[in-house]
Amino acid sequence: QQQVKQSPQSLIVQKGGISIINCAYENTAFDYFPWYQQFPGKGPALLIAIRPDVSEKKEGRFTISFNKSAKQFSLHIMDSQPGDSATYFCAASDTGNQFYFGTGTSLTVIP
Amino acid sequence: GAGVSQSPRYKVAKRGQDVALRCDPISGHVSLFWYQQALGQGPEFLTYFQNEAQLDKSGLPSDRFFAERPEGSVSTLKIQRTQQEDSAVYLCASSLALGGPQHFGDGTRLSIL
């Protein structure tokens with residue numbers, strides 16, 4: 001059973017546009033929600049993370065929006081650049097040890 | 001080192017052979033995690049250590065999989081009698097403390113022929 005559901009599977013955005021990736025979860029015990037970026041042949045790299053006591057967190061061009069009541073969270077990439085082309089994974093954890101990852105979104109930013 | 005180091009980067013083995021995958025965590029990181037990532041999928045949890053203690057191995061797919069971290073630093077994931085379905089990228093991650101951000105290595109791509 002997929003603990004974290006991620007959509008879309010793939011996304012194509014024009015340079016300068018906004019990329020939006022969504023995730024949903026069921027387990028209300030989850031209290032840590034990171035987003036990872038992964039390039040081919042590389043391990044996932046932590047982008048940004050949020051805890052459920054805030055509804056939004058922004059770091060540079062990356063923003064997480066969190067809706068606790070809907071059990072959904074999303075990643076917004078503003079002013080998307082070709083260098084942002086990668087696979088993005090959302091994840092959730094309730095204890096900080098076992099992370100449950102989404103299935104990934106392949107983002108392509110067209111110049 | 002500066003990051004999590006995994007070796008080998010690539011491993012090809014024949015079905016039935018045993019393999020050993022190594023992970024060198026970031027110096028001082030207490031927690032160490034192993035994940036399996038199938039092609040086109042997200043990482044799936046296998047097991048984790050707090051220092052040398054293996055606190056959760058619920059994600060290990062079968063008793064052919066075994067992980068150890070005898071001195072609380074380097075860890076080895078061993079797969080015995082490999083099967084084709086074991087082909088995947090095996091990722092290691094470490095964190096300074098339990099509940100902290102996990103930092104991943106670049107993984108070992110295992111191919112079973």
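The values are calculated or read from the model by the stated rules, or taken from the named source; none is laboratory data. Keep in mind the model is a prediction, meaning the values are calculated, not measured. When we count neighbours, we look across all protein chains shown, and the Cβ atoms used for this are built from the backbone with ideal geometry, even at glycine. Ligands, DNA and RNA are excluded from the accessible area calculation, which covers all protein heavy atoms including side chains. Shrake-Rupley method; radii C 1.70, N 1.55, O 1.52, S 1.80 Å.
The table for this structure:
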| item | result |
| --- | --- |
| Any hit, the stretch B:75-98, residues being within 8 Å of chain A (Cβ to nearest Cβ) and part of a loop (DSSP other than H, G, I, E, B) | yes |
| Residue within the stretch A:46-61 that is out of contact with any Pro (no Cβ under 6 Å at 6 or more places or on another chain), within 30 Å of B:S7 (Cα to Cα) and crowded, with 17+ Cβ neighbours inside 10 Å present | yes |
| Selection within the stretch A:22-55 - touching a residue at least 40 places away in the same chain (Cβ under 8 Å), touching a Phe, Trp or Tyr at 6+ places or on another chain (Cβ under 9 Å) and not hydrophobic (A, V, I, L, M, F, W, C) | A:N22, A:Y25, A:N27, A:Y32, A:P34, A:Y36, A:Q37, A:Q38, A:P44 |
| Criterion (open to solvent by less than 60 Å² (accessible area, probe 1.4 Å) and not basic (K, R)) met by exactly one of B:S27, B:S58, B:S62 | B:S62 |
| Hits in the stretch A:83-111 (condition: at pLDDT below 95, out of contact with any Gly (no Cβ under 9 Å at 6 or more places or on another chain) and open to solvent by less than 10 Å² (accessible area, probe 1.4 Å)) | A:F99 |
| Identity of the residue in the stretch A:88-100, facing chain B (nearest Cβ under 9 Å) and in a strand (DSSP E or B), that ends up farthest from A:G41 (Cα to Cα) | A:S93 |
| Residue match in the stretch A:62-75 (condition: farther than 26 Å from B:C92 by Cβ and in contact with a helix residue (DSSP H, G or I) (Cβ under 9 Å, 6 or more places away or on another chain)) | no |
| Positions within the stretch A:11-26 being of a type outside the set (A, V, I, L, M, F, W, C), within 27 Å of B:Q102 (Cα to Cα) and open to solvent by 50 Å² or more (accessible area, probe 1.4 Å), in sequence order | A:N22, A:E26 |
| A:A29, sole failed condition from (1) closer than 23 Å to B:G105 by Cβ; (2) within 14 Å of chain B (Cβ to nearest Cβ); (3) of a type outside the set (S, T, N, Q); (4) over 16 Å from the mean Cα position of the chain (by Cα) | (1) |
| Lone qualifier among B:G40, B:G28 - being more than 13 Å from the chain's Cα centre (by Cα), more than 13 Å from chain A (Cβ to nearest Cβ) and at positive phi | B:G28 |
| Tabulated pairs, the stretch A:90-111, first under 12 Å from A:F30 (Cα atoms), second open to solvent by 10 Å² or more (accessible area, probe 1.4 Å) and among the charged types (D, E, K, R), C-beta under 7 angstrom, 6+ apart or interchain | A:D94/A:D31; A:N97/B:D56; A:Q98/B:D56 |
| Number of the condition not met by B:S87 [criteria: (1) over 25 Å from A:P34 (Cβ atoms); (2) of a type outside the set (F, W, Y); (3) open to solvent by 60 Å² or more (accessible area, probe 1.4 Å)] | (3) |
